[in-house]
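Note sheet for the following structure.
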């Protein structure tokens, strides 16, 4: 084996071994999800705990995990499906920040489908309530922007405008527990 190949292999191995040192810390994160529930026939906005690979980007992860699949453990012989209405409706959430300051908060609803049988407005409002609850209280309110298909743009823009005008210290949708 020539010297170049030895150096190349040593470099690759060194980088591979160093990756965990710069990857951040994994851990548990608290967020909220609109779950398909049986309480008065509506959605349940529940606090859920998620495992994340990089806990240093907590708020971004808290937003991402609003629309993560929620397949709870069960002793049933039949597999259970995804209980997260934001996930089954294909909503996704994201944010952009710089130096700890939240610059942008957005929801992507380009592929929105009403897969859960709830009113489409209730799905969006429950998901936005999850955003409100997941935001850290110390951060200033940042207006939400969104993208949606042409068929959903009109009704969604009314709800997003209402959400942006809403006092985030108060419940937007559902009941506080």
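Note on region 142-177: among residues that are under 19 Å from the mean Cα position of the chain (by Cα), touching a residue at least 40 places away in the same chain (Cβ under 8 Å) and over 14 Å from residue 106 (Cα atoms), the one that is surrounded by the fewest Cβ atoms within 10 Å (Cβ to Cβ) is 171. Candidates are the residues of region 114-131 that are free of Cβ contacts under 8 Å to residues at least 60 places away in the same chain and under 12 Å from residue 34 (Cα atoms); the one that is surrounded by the most Cβ atoms within 10 Å (Cβ to Cβ) is 124. I'd like to check something: does region 83-98 contain any residue that is at pLDDT below 85 and not in a strand (DSSP E or B)? Checked against the condition, which is being at pLDDT below 85 and not in a strand (DSSP E or B), region 83-98 yields no hits at all. The requirement of being at pLDDT 80 or above and either more than 18 Å from the chain's Cα centre (by Cα) or surrounded by 15 or more Cβ atoms within 10 Å (Cβ to Cβ) (or both) is not satisfied by residue 51.
Okay, residues lined up against (1) assigned to a helix (DSSP H, G or I); (2) at pLDDT 95 or above; (3) at positive phi:
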residue	(1), (2), (3)
126	yes, no, no
129	yes, no, no
133	yes, no, no
137	no, no, no
141	no, no, no
147	no, no, no
158	yes, yes, no
169	no, no, no
172	no, no, no
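Against the conditions (1) surrounded by fewer than 12 Cβ atoms within 10 Å (Cβ to Cβ); (2) at pLDDT 80 or above, residue 16 satisfies every one except (2).
Count of region 103-113 residues, restricted to those that are in a loop (DSSP other than H, G, I, E, B) and surrounded by 16 or more Cβ atoms within 10 Å (Cβ to Cβ), is 1.
Residue-level check: of (1) at pLDDT below 85; (2) under 24 Å from residue 172 (Cβ atoms); (3) surrounded by 13 or more Cβ atoms within 10 Å (Cβ to Cβ), residue 39 misses just (3).
The values are calculated or read from the model by the stated rules, or taken from the named source; none is laboratory data. Computed from a predicted structure; not experimentally measured. Cβ atoms come from the backbone with ideal geometry, glycine included; neighbour counts cover every protein chain shown.
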